[in-house]
Every structure is written in C-alpha cells, then in structure tokens.
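The values are calculated or read from the model by the stated rules, or taken from the named source; none is laboratory data. Since the structure is predicted, the reported quantities are computational estimates derived from the model, not experimental observations. Neighbour counts are summed over all protein chains in view; Cβ atoms, including those assigned to glycine, are modelled from backbone coordinates with ideal geometry.
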C-alpha cells in the first residue's frame, strides 16, 4: 500500500467514528487541519494537502483553481462518496431560509450538518472555500488552519460575510 493509500485509509476510518473534539487542543491537529477536514470529520494530520475538495476523490489537484461553483460542490460530494458517507442535500435559497428550515431538522447521533461556502470577490473567481459544521451534541463549529476550533455561539450573527461568501450547498451527512 502506498503512503497516500495508508493516509486515505486512516481518514476513512476516522470519518466513520465520532469526532474527538478534545484532539483539537493538540498543536499538531490545530495547525494541520482546516474547515474541510472538520466538515468530513477527520483530525488526521499526516497530509494536510488532502483537505481540499476533490483531492480525496482525485478530481482536483492541489495546484488547480476551482473554475465554477458547480465544480467546487461536485468535488466535495465526490469526496464524500469515496469516503462512503451518506449525503442528503438540504434545499434553501438563502441564509434566512436555511436557518428557518434548520430549526425543525432532526439530526441524529451519527449525523452532522455541513454548510459549504465559496469566497467570491468582484472578479467572480473562487478565491477560497469554507465549511460550517453542526453536531447535535456540540452545536455549530468552524475550523481555519493554525487556529483552535471555533464554537459559534450565534450562527445568525457569526455567519460568514455574505458580501464575499456564497452558500453553495448544505448537507445532512450520516457516517
């Protein structure tokens, strides 16, 4: 088995287990994970370059920009499929509609909700991606590289700036 195959196997095992939030206190985990790794549910620190939509499924190289919102969305969904995670898309048109419909959503123990966003400036290019995660026992969290896990107290107030971040999907994920 190649080194990358061993790492992917470790990620696969981790995403099917409950996320150990205490591990985020480790400097290694804090510095080598991001919002993508948090969204899928892994704290594997062996190859942080895999924590980008499309890398796990092999659809996207680390060196290539995302050319469309559809590509970014499809890369993430393809990674979830490779990891054998069940995905139910949640339908909504804007933040207010999502937060209203979310209040009635039942999230079970083996499930979490992920909101996928794209950072787009006036040049219409995708500059970055971001994910928010909701777990029934932890509420909303988000992760950026080199920073501790952030517990979102008020998702309406702390929602990423809609001037730059466009919601491109929300999913109920079952491990």
Inspect region 56-71 for any residue being touching a helix residue (DSSP H, G or I) at 6+ places or on another chain (Cβ under 8 Å), at pLDDT below 95, farther than 23 Å from residue 159 by Cβ and not in a loop (DSSP other than H, G, I, E, B) and give the result as yes or no. no
Return the total of residues in region 83-142 being assigned to a loop (DSSP other than H, G, I, E, B), farther than 24 Å from residue 20 by Cα, in contact with a strand residue (DSSP E or B) (Cβ under 8 Å, 6 or more places away or on another chain) and without any contact (Cβ under 8 Å) to a residue 60 or more places away in the chain. 1
What pairs come out if I take residues in region 49-66 that are on the phi > 0 side of the Ramachandran plot and pair them with residues that are surrounded by 11 or more Cβ atoms within 10 Å (Cβ to Cβ) whose C-beta lies under 7 Å away, six or more apart or interchain? 54/60; 54/75; 54/78; 54/79
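For every residue, the table says whether it meets (1) crowded, with 19+ Cβ neighbours inside 10 Å; (2) at pLDDT below 95; (3) within 28 Å of residue 172 (Cβ to Cβ); (4) under 14 Å from the mean Cα position of the chain (by Cα).
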{"position": "2", "(1), (2), (3), (4)": "no, yes, no, no"}
{"position": "15", "(1), (2), (3), (4)": "yes, no, yes, yes"}
{"position": "19", "(1), (2), (3), (4)": "yes, yes, yes, yes"}
{"position": "22", "(1), (2), (3), (4)": "no, yes, yes, no"}
{"position": "38", "(1), (2), (3), (4)": "yes, no, yes, yes"}
{"position": "47", "(1), (2), (3), (4)": "no, yes, yes, no"}
